[in-house]
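Notes to accompany the following structure.
The values are calculated or read from the model by the stated rules, or taken from the named source; none is laboratory data. The model shown is predicted, which means the values in this text are computed figures rather than measured ones. Neighbour counts run over all protein chains shown; Cβ positions are idealised from the backbone, glycine included. We work out accessible area using only protein heavy atoms, side chains counted, and drop any ligands, DNA or RNA first. Shrake-Rupley method; radii C 1.70, N 1.55, O 1.52, S 1.80 Å.
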Amino acid sequence: QVQLVESGGGLVQAGGSLRLSCAASGGTFGLYTMGWFRRAPGKEREFVAAISRSGGNTNYADSVKGRFTISRDNAKNTVYLQMNSLKPEDTAVYHCAAVYTKMLLTTTTRYDYWGQGTQVTVSS
């Protein structure tokens, strides 16, 4: 059983930056593809970014491409999401998720383990 705990959310002005972290425990971190998802008020949870087990491959939603960067440190059992040039429409609860696979998955339902989420609010 994998436990995931996110941190780093907060309130930031449009154009600003935040770095989210997700610490994992309870499993062999390097065997899991990791993803970041978000849920905005009144909307369904959506894919943001994913990273392969080694960190060599990544995938991003079109809405964040060029602004967000996902990375991982397998020695620290942590995945990160660097968010730059933030926009008000990025406001959401951000969740990290894990799935035991070497595939780079973007579908919410394919992920097995989820963190509680961290709130990101971008003011205009």
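General remarks:
- Screening residue 26 on (1) open to solvent by less than 70 Å² (accessible area, probe 1.4 Å); (2) touching a residue at least 40 places away in the same chain (Cβ under 8 Å); (3) not aliphatic (A, V, I, L, M) shows it passes everything except condition (2).
- Of the residues 117, 26, 35, the single one that is under 21 Å from residue 1 (Cβ atoms), of a type outside the set (A, V, I, L, M) and in contact with a His (Cβ under 7 Å, 6 or more places away or on another chain) is 117.
- Residue match in segment 67-76 (condition: within 13 Å of the chain's Cα centre (by Cα), in contact (Cβ under 8 Å) with a residue 24 or more places away in the chain and in a helix (DSSP H, G or I)): no
- Inter-residue pairs, beta-carbon under 8 Å, first on the phi > 0 side of the Ramachandran plot and in segment 44-65, second assigned to a strand (DSSP E or B) and at pLDDT 95 or above, 6+ apart: 55/71; 55/72
- Among (1) closer than 15 Å to residue 7 by Cβ; (2) touching a Lys or Arg at 6+ places or on another chain (Cβ under 8 Å); (3) open to solvent by 60 Å² or more (accessible area, probe 1.4 Å), the one test that residue 76 misses: (2)
- When restricted to residues that are outside any strand (DSSP E or B) and either of a type in the set (S, T, N, Q) or at negative phi (or both), segment 1-43 contains 15.
- Selection count where residues are over 16 Å from residue 20 (Cα atoms) and open to solvent by less than 60 Å² (accessible area, probe 1.4 Å), scope segment 79-113: 9
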